[in-house]
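Notes for the one structure printed next.
Read-outs: derived from the displayed coordinates by stated rules, not from any lab. Nothing here was measured: the structure is a model prediction, and the numbers come from that model. Cβ coordinates were reconstructed from backbone atoms using ideal geometry, including for glycine residues, and neighbour counts include every protein chain displayed.
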Amino acid sequence: MMSRVYKIGRDERNDIVLNHPSIADFHAEVYVDPNQNCFFTDLRTHFGSSLNGKKLPYRDWETDRKSVV
């Protein structure tokens, strides 16, 4: 199985479009690796992102992936 990145945001070019004022045009990505593990990355947005009700801290892009499974 191949890996895949799903882009999330308000812009219509995203894979998942969320029309809400707290969502940036290009807000986040979900990376699915070849083993079907999922990882979430906030794209350094103004409001940030929450996972399971907890605000995610900002970090370098390469280390900012958070497991969502």
## Note on the structure
Label model pair ARG44, PHE26: point-to-point distance (7 angstrom along the Cα→beta-carbon line) in nm is 1.2 nm
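Applying 1/(1 + (r/R0)^6) with R0 = 30 Å to the Cβ-Cβ distance of ASP11 and LYS55, what FRET efficiency is obtained, to the nearest 0.05?
Numbers: r = 23 Å, r/R0 = 0.77.
Efficiency, from the Cβ-Cβ distance: 0.85.
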### Query
In what sequence, highest mean first, do 24-36, 2-14 appear when ranked by Cβ atoms within 10 angstrom?
24-36, 2-14
